[in-house]
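Contents: one structure, followed by commentary.
The values are calculated or read from the model by the stated rules, or taken from the named source; none is laboratory data. Remember, predicted model here, so these are calculated numbers, not experimental data. Ideal geometry is used to build each Cβ from the backbone, glycine not excepted, and the neighbour counts take in all protein chains shown. Note: areas computed on protein heavy atoms with side chains; ligands, DNA, RNA excluded. Shrake-Rupley method; radii C 1.70, N 1.55, O 1.52, S 1.80 Å.
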Amino acid sequence: QVQLVVSGGGLVHAGGSLRLSCANSGRTFSRYDMGWFRQAPGKEREFVAALSWSGTSTYYADSVKGRFTISRDYAQNTGALQMNSLKPEDTATYYCNAGGVIYNNHYSPGDYWGQGTQVTVSS
């Protein structure tokens, strides 16, 4: 069973940085594609970034491309999302996901979700 715990959210000024972590307390998810999603109040959940299980392919939403970097540490059994040059419109609850499928440059989320962490960017 994969159990994801998300941490690293907080309040930051526009232009600042945060690093989100997705720790897996269950069995290894090294063979799973993984991704990050976010949901702002009153909006639908949206895709942010994805990383193939091999670590060789990454995908980003256009809105975060060039500012966010997804990564994973196989030894630590964790994933991360480095967020730089944050904007107020990045304010949302961020979720880690694993077990999805990357196909045609699109990530369909799998069954494993972290609990979410709040990111608030002030202007």
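Restrict the check to region 29-47 and report whether at least one residue is more than 11 Å from the chain's Cα centre (by Cα), surrounded by fewer than 13 Cβ atoms within 10 Å (Cβ to Cβ), part of a loop (DSSP other than H, G, I, E, B) and small (Gly, Ala, Ser).
Looking for residues that are more than 11 Å from the chain's Cα centre (by Cα), surrounded by fewer than 13 Cβ atoms within 10 Å (Cβ to Cβ), part of a loop (DSSP other than H, G, I, E, B) and small (Gly, Ala, Ser), one finds at least one in region 29-47, hence yes.
Within 13 Å of Ser21 (Cα to Cα), open to solvent by less than 10 Å² (accessible area, probe 1.4 Å) and at pLDDT 95 or above, is that true of Val64?
Values: within 13 Å of Ser21 (Cα to Cα): no; open to solvent by less than 10 Å² (accessible area, probe 1.4 Å): yes; at pLDDT 95 or above: yes.
When the stated conditions are applied, Val64 does not pass them.
Is it fair to say Ser108 is more than 20 Å from Ser21 (Cβ to Cβ) and either open to solvent by less than 50 Å² (accessible area, probe 1.4 Å) or small (Gly, Ala, Ser) (or both)?
Numbers: more than 20 Å from Ser21 (Cβ to Cβ): yes; either open to solvent by less than 50 Å² (accessible area, probe 1.4 Å) or small (Gly, Ala, Ser) (or both): yes.
Against the criterion (more than 20 Å from Ser21 (Cβ to Cβ) and either open to solvent by less than 50 Å² (accessible area, probe 1.4 Å) or small (Gly, Ala, Ser) (or both)), Ser108 qualifies.
Kindly provide the set of residues from region 73-95 that are of a type outside the set (Phe, Trp, Tyr) and under 12 Å from Glu46 (Cα atoms), ordered by number. Step through it out loud before you land on a result.
Narrowing region 73-95 to residues of a type outside the set (Phe, Trp, Tyr): 73, 75-93.
Answer for region 73-95, where residues must be of a type outside the set (Phe, Trp, Tyr) and under 12 Å from Glu46 (Cα atoms): Asp90, Ala92, Thr93.
Within region 73-100, restricting attention to residues that are closer than 13 Å to Val5 by Cβ and more than 9 Å from the chain's Cα centre (by Cα), which residue is least open to solvent (accessible area, probe 1.4 Å)?
Selected residue: Ala98.
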